[in-house]
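Here the structure is laid out as structure tokens; the discussion comes afterwards.
The values are calculated or read from the model by the stated rules, or taken from the named source; none is laboratory data. Small disclaimer: the values here were computed from a predicted structure and weren't measured. Methodologically, a virtual Cβ is constructed for each residue, glycine included, from the backbone with ideal geometry; neighbour enumeration extends over all protein chains shown. All accessible areas refer to the heavy atoms of the entire protein, side chains included, with ligands and DNA or RNA removed. Shrake-Rupley method; radii C 1.70, N 1.55, O 1.52, S 1.80 Å.
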Amino acid sequence: MLKSMERPAGIMEKAVLAHLPTPLEPMTRLSDALDGPELWVKRDDCTGLGGGGNKTRKLERLIASALGAGADTVITGGGLQSNHARQTAAAAARVGLKCLLVLIDSVPGRSGAYYRNGNMLLNRIFGAEVRVVAAGTDIVQVMNGIADELSAAGGKPYIIPIGGSNADGARAYADAIDELRDQARGLGIGFDRIVVATGSAGTHAGLVAGSLAHGAGASIFGVSVARKTPDLHPRVLQLTGEVLLAMGSDRQVRPEDIMLDDGFIGDGYGRPTPEMVEAVQIVGRFEGLVLDPVYTGKAMAGLIHHVRSGAFGRDEKILFWHTGGGQGIFGYDETF
Ligand SMILES: *Cc1c(COP(=O)(O)O)cnc(C)c1O
């Protein structure tokens with residue numbers, strides 16, 4: 001797609017990697033089971049590439065930038081069971097770039113499956129080189145060091161930020177709002193609220209930017225999986241502003257546009273909670289959908305809690321944005 005005004009002619013804005021549009025489906029049995037509002041799901045677990053997930057939308061833009069910069073290798077980082085790292089490995093394989101992953105061993109108390117299975121297994125299958133670093137290591141510094149080494153050896157490395165969450169990557173979720181609006185119109189439905197898991201903030205920021213710029217009508221409710229609100233809120237706010245700027249929109253984001261709930265993190269990133277386990281089981285049993293233990297399971301735990309408490313009204317139409325990650329569940333078999 002050649003549509004960007006900012007890029008030199010001939011450099012594409014997006015590599016085509018994702019199956020789009022992703023399905024928009026009702027969760028009728030879950031709505032009934034919770035005796036709650038009308039619940040729908042946006043199936044970004046079905047973006048197609050390498051098992052799918054939300055990072056594939058971002059990677060369509062980020063991989064195009066890497067190719068545009070003449071890269072031969074992409075470097076990114078995350079947790080050992082990072083879905084972003086796994087989708088980056090798949091995207092690199094697809095376009096013929098080498099992929100180097102810096103993965104941090106930061107979640108305590110995991111079983112052997114966490115180190116071998118799920119996303120770790122897929123990284124191997126996609127041919128990525130994995131460097132595992134100890135908890136507390138500064139991943140960004142390690143990625144920069146590797147990039148310097150590769151450059152010194154005549155290589156062309158390109159660093160993709162953790163979670164793909166710069167303005168370029170996050171902008172993909174502003175486009176996803178357009179996709180949703182068209183689908184919702186086709187079905188004659190309007191959503192009051194969108195619930196999404198938020199980690200590195202890019203997905204949430206892109207969705208807010210898209211709604212502000214193009215009027216989605218729904219409020220975006222982010223459930224944090226790692227950072228407490230005082231830390232996460234300024235990041236989402238800042239990134240939303242950057243995405244609006246990159247889109248050429250003159251809309252301003254206000255602090256109150258960023259809604260966050262940090263009540264479902266439990267003991268920390270990647271650490272199971274009873275509410276997450278219940279959410280994964282309920283959604284599996286009533287909808288045949290796979291959520292993941294790190295992101296969507298905790299976001300759905302938040303949704304279920306607010307439906308039960310009445311904070312989400314029974315007459316609302318609520319969309320759960322499924323951001324993928326089901327492959328990670330195979331690193332957590334003992335939890336279920
Ligand atoms: C990365 C990820 C998220 C969070 O997206 P961010 O843009 O990093 O906030 C949510 N769900 C899954 C499954 C993810 O892999």
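Be a star and scan the stretch 41-60 for residues whose amide nitrogen sits under 18 Å from the point 7 Å along the Cα-to-Cβ vector of Val130.
The answer is 50-52, whose backbone nitrogens lie closer than 18 Å to the label point.
For the chain, what is the accessible area per residue in Å², given a 1.4 Å probe and the full set of protein chains?
40
About its Cα centre, what dipole magnitude does the chain give when the only charges are +1 on Lys and Arg Cβ and -1 on Asp and Glu Cβ, stated in debye to the nearest 20?
Approximately 540 debye in magnitude.
Going highest first, how would you order 173-185, 42-54 by mean Cβ packing within 10 Å?
42-54, 173-185
With a ≥ b ≥ c taken as the square roots of the eigenvalues of the C-alpha gyration tensor of the stretch 1-155, please select rounded if a/c is under 1.5 and otherwise prolate if a/b is larger than b/c or oblate if it is not?
Since a/c reaches 1.5 but b/c is at least a/b, the shape of the stretch 1-155 is classed as oblate.
At 0.36 nm per residue, and after removing the present C-alpha to C-alpha distance, how many nm does the segment from Asp315 to Val142 gain when stretched out fully?
Gain on stretching Asp315 to Val142: 57.3 nm.
Could you pull out every whole DSSP H run in the chain that spans at least 15 Å of Cα extent along its own axis and averages 1.0 or higher on the Kyte-Doolittle scale?
Helices passing the filter in the chain: none found.
What lysines sit close enough to Lys228 to cross-link, taking a C-alpha to C-alpha distance under 28 Å and skipping anything fewer than 8 places away on the same chain?
Lys42, Lys55, Lys58, Lys298, Lys317
Provide the percentage of antiparallel DSSP beta bridges, counting only those with both residues in the chain; round to the nearest 5.
Taking every DSSP beta bridge within the chain, about 10 percent pair in antiparallel fashion.
Explain nothing, just the number: relative contact order of the chain, from Cα pairs under 8 Å at least 6 residues apart, as a whole percent.
Computed value for the chain: 21 percent relative contact order.
Expressed in nm to one decimal, what extension gain is obtained for the pair Ala69 and Ser249 from 0.36 nm per residue of sequence separation less their Cα-Cα distance?
In short, 62.2 nm is gained.
On the accessible surface of the stretch 81-223, probed at 1.4 Å, how many percent belong to carbon and sulfur atoms?
51
To the nearest 20 Debye, how big is the dipole of the stretch 267-336 about its Cα centre, given +1 on the beta carbon of each Lys and Arg and -1 on that of each Asp and Glu?
200
Only residues of the stretch 44-72 count here: report those whose backbone N is under 18 Å from the spot 7 Å along Cα→Cβ of Asp182, or say none.
44, 46-48, 57-58, 60-61
For all pairs of alpha-carbon atoms in the chain, what percent lies in each bin of width 10 Å, listed from the first bin to the last filled one?
6, 27, 36, 23, 7, 1, 0
Suppose every K and R has +1 on its Cβ and every D and E has -1 on its Cβ; what is the size of the dipole of the stretch 94-226 about the Cα centre, in Debye to the nearest 20?
My answer is approximately 340 debye.
Ranked highest first by the average count of other Cβ atoms within 10 Å around their residues, in what order do 28-37, 202-211 fall?
Per-residue mean Cβ counts within 10 Å order the peptides as 202-211, 28-37.
Suppose R0 equals 41 Å. What FRET efficiency, 1/(1 + (r/R0)^6) with r the Cβ-Cβ distance, do Ser111 and Ala152 give to the nearest 0.05?
0.55
Which one, Thr76, Ser151, Gly127, projects farthest toward the positive side of the charge dipole computed for the stretch 66-158 from Cβ point charges (K/R +1, D/E -1)?
Of Thr76, Ser151, Gly127, it is Gly127.
With the dipole of the chain worked out from charges on the C-beta (+1 for Lys and Arg, -1 for Asp and Glu) around the Cα centre, which of Tyr115, Ala174, Pro230 lies farthest toward the positive end?
Going by the charge dipole, the pick is Tyr115.
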